[in-house]
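Some notes on the structure that comes next.
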Amino acid sequence: PEEGLERCNRCAPGTFLPYLGAIDLIECQRCEAGQYASEPGSDTCKLCPPGEYGPSIGMAQCLKCPSGYFQDEAGSTTRSSCKRCPKGTFSTREGANRCPFCEIGTFSNETGSVSCYSCVPGTYLDVIGMTSQEDCKQCESGLQAPSYGMSECVVCPAGTYNPLTRQSECAKCPEGTYGQKQGAREASECDQCPRWRFTSSPGSTS
C-alpha cells in the first residue's frame, strides 16, 4: 500500500492475490482460463461452474452456454465444451448444466432444441423424453384427444360416439336419437327416441 493509506487497495475483479503483505497492485495475478474472480480483493479464483466456460485469463465472469446447449463439467475453457441437447431433451435457458427431458405429450426430434413439439390432436404421449412425432400414439375408437400435447385420450362423453382412430373430437348422436353410454364407437349405439318423444338437438343424452 502507499504510505499513509488507512486501508489496502484491493485486487481488481478477474485477479487474485494468495498471500499477505503485498506492496503493489502488479502483484495481483490474473485468473487462469476456466476460472474467474467476480469480487475485488479475491485471494483465489473459482472454477467456472457447469454450464459456463472461461476462454481467456483474467475473467471476472464466465460465459454461459447458449440455450439448447448444456455443459456438465466445472472449469471448462472453450465454447466447444458446450454440448447440444440430445434428441428428446431441451434447454430454454442459457448456462444449463443439463437438458430436461421433453414432458409427456411432447417430443424433440432435433439436437440443440430450446423447446419440444406437442403431439397433434387425435394423438397422445404418456412417456417423457421421446424423439419423434411417430412416438405419439393414436387414440382408439370411442376416444378423443381434442388438444395439442395430451398425455392421454379422453372417453367420448354420453351423447357422442367415435368409430375411427386418431380423432380430435367425437361425433354427436344424430337428431332423433340420444346416447347415455360413454365411449360409444358406433352411431348404432345411440338409442332411438320413443315415439312420443323427440329431440332435434344432436348429441342429446336423454
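A short reminder: the numbers here are calculations on the coordinates, not readings from a lab. This structure is a prediction, so every number in the text was calculated from the model and none was measured. All Cβ positions, even for glycine, are placed from backbone atoms using ideal geometry, and neighbour counts span all protein chains on display.
Per-structure values
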| read-out | value |
| --- | --- |
| Of all DSSP beta bridges in region 75-168, antiparallel share, percent nearest 5 | 90 |
| Gyration tensor (alpha-carbon) shape descriptor, the chain, a/c threshold 1.5 | prolate |
| Electrostatic dipole magnitude of region 29-100 [Cβ: Lys, Arg +1; Asp, Glu -1; Cα centre; debye, to 20] | 400 |
| Residue exposure sequence - 111, 123 - by fewest surrounding Cβ within 10 Å | 111, 123 |
| Cross-link reach list, lysines versus residue 172, counting only Cα pairs under 30 Å and skipping chain neighbours closer than eight places | 137, 181 |
| Size of electric dipole in the chain: Cβ of Lys, Arg +1 and of Asp, Glu -1, about Cα centre, debye, nearest 20 | 840 |
| Sparsely packed trypsin sites (Lys or Arg not before Pro) within region 92-187, loop by DSSP, other Cβ within 10 Å at most 14 | 93, 98 |
| In range of the label at residue 168: residues from region 129-147 whose backbone nitrogen is under 11 Å from the point 7 Å along Cα→Cβ | 145-147 |
| Extension gain (nm, one decimal) between residue 19 and residue 94, 0.36 nm per residue minus Cα-Cα | 23.4 nm |
| Average Cα contact separation per residue, region 119-205, under 8 Å, 6 or more apart, as relative contact order % | 27 |
| Computed magnitude of the charge dipole of region 119-205 (debye, nearest 20; Cβ of K, R +1, Cβ of D, E -1) | 380 |
| Most positive-pole-ward Cα, 109, 11, 192, against dipole of the chain from beta carbon charges | 192 |
| For the chain: relative contact order, % (alpha-carbon pairs under 8 angstrom, 6 or more apart) | 11 |
| Most positive-pole-ward Cα, 174, 100, 42, against dipole of the chain from beta carbon charges | 174 |
| Neighbour-count order for 57, 26, fewest beta carbons within 10 angstrom listed first | 26, 57 |
| DSSP beta bridge pairing in the chain, given as percent antiparallel to the nearest 5 | 95 |
| DSSP loop chymotrypsin sites (Phe, Trp or Tyr not before Pro) with at most 15 other Cβ within 10 Å excluded, longest remaining stretch of the chain | 20-147 |
